[in-house]
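Worksheet: one structure, shown below.
Please treat every number below as a calculation from the coordinates, not as lab data. Predicted, not measured: the structure shown is a model, and the values here were computed from it. All Cβ positions, even for glycine, are placed from backbone atoms using ideal geometry, and neighbour counts span all protein chains on display.
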Amino acid sequence: MRYVSTRGGLIGGQTSAPFSTVLLEGLASDGGLSMPEKYPQAELDAWRPLSYPALCLEIVSCFVDDIPREALKTIIDKTYTLEIFNSDEITPVRELEPGLSLLCVSNGPTLAFKDIALQLLGNLFEYVLAREERVINILGATSGDTGSSAEYAMRGKRGIKVFMLSPHKRMSAFQQAQMYALDDPNIFNLAIEGTFDCCQDIVKAVNSDAAFKAQYHLGAVNSINWSRVMAQIVYYFKGYFAATRKNGEPLDVAVPSGNFGNILAAHIAKHMGLPLRRLILATNENDVLDEFFKNGHYRPRSPEETHATSSPSMDISKASNFERYLFDCVGRDDAVMRDLWTQLAQHGGFDLAEPKHNAYWQRVQASGFVSGRSTHVDRLQTIRDVYHRYGVMIDPHTADGVKVGQEYRETGVPLLCIETALPAKFAATIEEALGQTPPRPAVYADLEQRSQHYTVLPADAEAVKTFMREQFV
Ligand SMILES: *Cc1c(COP(=O)(O)O)cnc(C)c1O
C-alpha cells in the first residue's frame, strides 16, 4: 500500500510513500494529508469471529506492507491487552435497550477513545525508529484528550520526545492534571496562552519551517496522523460484529465529532465494505461540521467564534481530518482539493452546494453522513435521561452523540453510539446534570493533588521553537 497527499504534494520527498514514512512524517510538503492510494476490501465472514488483536492484525496488514506480519503481530498483541484496556474485548458493546447500544472505546489509560490509536502508535513508532536508527520529536496540539493520551503512550519510549501544546486554562481540571502530572524526562507540556486552534496553528507554523523540521526530526501524533485513523477503523468492525447477528445487516453509528478523526474511520470502514448505513455526526455548539452537512458550506471559525463548551474535546473551529473525507468526495482529484483550499485561504470558506460542485455534493449526500448539533442543555438532559432510564452514566461528549443519534434513530436499524470518554474526566458537568460525582478508576484517586509540570508560553511559534532548541543544547 502506498500513500498520497490530498493535495498532490510530496510525502517524505516522494509522490507516493510507504506506511513507515507516513507514520513518521506529519503533513505532506504542500500541507496536504496522506491517504492510502486505495481502500482494501474487508472479509467480513473471516473477520467476524476474531478477537480484537487478531482483527486488528488483519485490518492493519491491509494498510501496512513494510513491517513484517510477525512484527506487526507482536506490536499489536502487546498493545491491546486486558491490563491496558481493562477488558478482554478491548472495546465492549454495552446494550442500553434492544436496538440501542454504546461502543465503549474509552477504557484505556487516559479514559478516552484516543488511547486506542495512540497506544498502538507508540509501539509502532518505537519499532520503526529502532529499525531505522532514528529519533523523533513529536510536536502536537491538544484540546485535552489527545495530549494526555499521546503522553501516556510515549512516556519512557526510546528515541522519542513529546512537546505537547495545550490551551492554557481551557481544559477540565482532570484533563489538566492528567497531563501535567507526568514527570517523564521525554515529556514536555507547553501551556499556550490561546485556544486549541492557536495551538494547532503553531504546530503548522513550526512544521512549515522546513529547516527546523528537518534539524529537529519533527513528527506528529495529533489527529492528522494517518495511523491513528487506521487504528480506529478496527473498532467499527468490532462494534459492528457485536451489535449485529450476521453480516449484511445495516447498522447506524452516532459519533461525537471535533477534528473528524473518529468518524473518518467509520467512513473508511464503510468504503472497505462494512455495512454501515448512516454515519450520524454530532457536534456541540461549535457546529462547523453540522453546517457543512446541512447546506454544503464549509466555513472554519475564527478563534473568537470558537466556544468553550462542556464537551471541550470537540471545541474546534476547523476539522483537520475533514480534508481526507472531502478528497474522497471530489473523486480524489488533488487539483480540485488545491482549488478548494486556496479558496479557503482567500475567502475563509467554500460552498460545495454551488452548481459547479454538484457532482461532489452528490457524493457527500450519498456517503451516508447526516448531522446534528447539541448544546449544554441537551447534554445535561441526555446525561440525565440515559442515567435514569438505563442506569448508565455517560460523559458529555458521548451525550452529544446519543442526543443526535436518537434524533435519527429508526426502528429496525440498530444504533451504535460511540462512548468517547468516561464520565470521570468531566466531573463538573456530571455533577451539574446528576448531582453526584462520577466514579473514578482507583489509579487516578489522588490525581489533582500530584505536582504538575508545565511551561506557559505565548501563542507564538517562535517562542515554541526557542523552547525546543533549548532542550537540545
Ligand atoms: C477527541 C475527542 C472527540 C472528538 O473526536 P474527533 O476524532 O476529533 O472527531 C470526542 N470526544 C472525546 C472525549 C474526545 O477526546
Dipole of the chain, positive direction: furthest Cα of V135, S371, F237, with charges on the beta-carbon = F237
Restricting region 234-302 to trypsin sites (Lys or Arg not before Pro) in coil, as DSSP defines it, with at most 13 other Cβ within 10 Å | R245, K246
Straight distance only, please: which aspartates and glutamates reach the Cα of K73 with their own Cα at less than 20 Å, same-chain residues fewer than 8 apart left out?
-> E43, E58, D65, E83, D88, E89, D115, E126, E132
With the dipole of the chain worked out from charges on the C-beta (+1 for Lys and Arg, -1 for Asp and Glu) around the Cα centre, which of G219, I202, Q178 lies farthest toward the positive end?
-> G219
In units of 2.2 N^0.38 Å, what is the alpha-carbon radius of gyration of region 321-448?
-> 1.44
Pairs to check: K204/K465; K161/K213; K318/K425; K238/K294; K78/K157. Give those whose C-alpha atoms are more than 21 Å from each other in this structure.
-> K318/K425; K238/K294
For the chain, what is the calculated [θ] at 222 nm in deg cm²/dmol (nearest 500), taking -39500 (n - 2.57) for each run of four or more DSSP H residues and dividing by its residue count?
-> -13000 deg cm²/dmol
Hey, fewest Cβ within 10 Å first, where do V377, V221 land in order?
-> V377, V221
Output the Kirkwood hydrodynamic radius of region 66-113, Cα pairs only, in Å rounded to one decimal.
-> 12.3 Å
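Find the relative contact order for region 198-325 and round it to a whole percent, using C-alpha pairs within less than 8 Å whose residues are 6+ positions apart.
RCO, region 198-325: 24 percent.
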For region 278-335: span of alpha carbons on each principal axis (Å, largest first) | 37, 27, 20
Restricting to the chain, compute how many DSSP beta bridges are antiparallel as a %, nearest 5.
-> 25 percent
Contact order normalised by residue count of region 115-171, Cα under 8 Å, 6+ apart, percent | 43 percent
Expressed as a whole percent, how much of the Cα-Cα distance distribution for region 407-467 exceeds 18 Å?
-> 67 percent
Cα extents of region 231-360 along the three principal axes, largest first, in whole Å?
-> 49, 37, 24
When you take every Cα atom in the chain, what is the radius of gyration, and what is Dmax, the widest Cα pair distance, in Å?
-> 20.7, 63
Take each uninterrupted DSSP H stretch in the chain, measure its Cα extent along the helix axis, and return the ones at 24 Å or beyond whose mean Kyte-Doolittle hydropathy is at least -1.0.
-> 114-132, 226-243
Area projected by the alpha carbon convex hull of region 152-238, averaged over all directions, nm² | 7.2 nm²
Counting Lys and Arg as +1 and Asp and Glu as -1, each charge on the Cβ, what is the dipole of region 1-143 about the Cα centre in debye, to the nearest 20?
-> 320 debye
Take the alpha carbon atoms of region 62-97, find their center, do the same for region 434-469, and report the distance between the two centers in whole angstrom.
-> 28 Å
Along each of the three principal axes of the Cα atoms of region 214-257, give the extent in whole Å, ordering the values from largest to smallest.
-> 53, 19, 13
Relative contact order of the chain, defined on C-alpha pairs under 8 angstrom at six or more residues apart (%) = 18 percent
Consider all pairwise Cα distances in region 213-292 and report the whole-number % of them above 17 Å.
-> 53 percent
GluC sites (Glu not before Pro), loop per DSSP, at most 16 other Cβ atoms within 10 Å - longest free stretch of the chain | 134-409
Cα convex hull of region 35-124, projected area averaged across orientations, nm² | 7.1 nm²
